[in-house]
Amino acid sequence: VQLQAFGGGLVQAGGSLRLSCAASGSIFSINIMGWYRQAPGKQRELVATITSSSRTNYADSVKGRFTVSRDNAKVSVYLRMNSLKPEDTAVYFCLMRDSNNRSYWGQGTQVTVSS
């Protein structure tokens, strides 16, 4: 199973980006999909997750600005990021976790927000 994330880039503060992540290979019964991020010198942190019943969870720092969504048919998860801030700069990783609690990670996509 491989997760391919894309959509990162350089954007000015206040701008928007949309990240996408698609899985290839055999992965069944995905319970949780989501995004984490890691800034230089910091630990990886949760950004947003969405369950198979579409229940969402967001880090306080992104609430109201970011929206996570999923497409089960395409085995994909998305992150719409609005009103970006310089502190959102990080490598963003997608995650998919199956019903056996096995986690799969994408390779990361860089998001850089300039002030």
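Summing +1 for each Lys or Arg and -1 for each Asp or Glu, what net charge is found among the other residues whose Cβ lies under 12 Å from the Cβ of residue 110?
Details: positive: 37; negative: 88.
Neighbour charge sum, excluding residue 110 itself: 0.
Can you give me the % of accessible surface on the chain that is carbon or sulfur? Probe 1.4 Å, all protein chains present, nothing else counted. Write down the numbers at each step before the final one.
Numbers: 2750 of 6210 Å².
So the carbon and sulfur contribution to the accessible surface is 44 percent.
Which peptide among 13-20, 29-36 comes first, and what is the full order, when sorted by highest mean count of other Cβ atoms within 10 Å?
On the way: 13-20: 15.8, 29-36: 19.8.
Listed from highest to lowest mean packing, they are 29-36, 13-20.
Please list, in order along the stretch 27-35, the HN-Hα scalar couplings obtained from phi with the Karplus expression 6.51 cos²θ - 1.76 cosθ + 1.60 (θ = phi - 60°), rounded to whole Hz, x for Gly and Pro.
9, 10, 6, 6, 8, 10, 10, x, 9
Relative contact order (percent) for the chain, with alpha-carbon contacts under 8 angstrom and 6 or more residues of separation?
Details: 283 pairs, mean separation 42.7, N = 115.
This gives 37 percent for the chain.
Taking the Cα centre as origin and putting +1 on Lys and Arg beta-carbons and -1 on Asp and Glu beta-carbons, what dipole magnitude results for the chain, to the nearest 20 debye? The partial results should precede the final answer.
Working: 13 positive and 6 negative charges, 22 e Å.
Dipole magnitude for the chain comes out near 100 debye.
Accessible area per residue for the chain in Å², computed with a 1.4 Å probe and the full protein assembly in place, what is it? Display every interim value, and only then the final one.
Working: 6210 Å² over 115 residues.
The answer is 54 Å² per residue.
The values are calculated or read from the model by the stated rules, or taken from the named source; none is laboratory data. Everything quoted here is computed from the prediction, not taken from an experiment. Positions of Cβ are generated from backbone atoms using ideal geometry, with glycine treated the same way; all protein chains shown enter the neighbour counts. Calculation scope for accessible area: heavy atoms of the full protein, side chains included, ligands and nucleic acids excluded. Shrake-Rupley method; radii C 1.70, N 1.55, O 1.52, S 1.80 Å.
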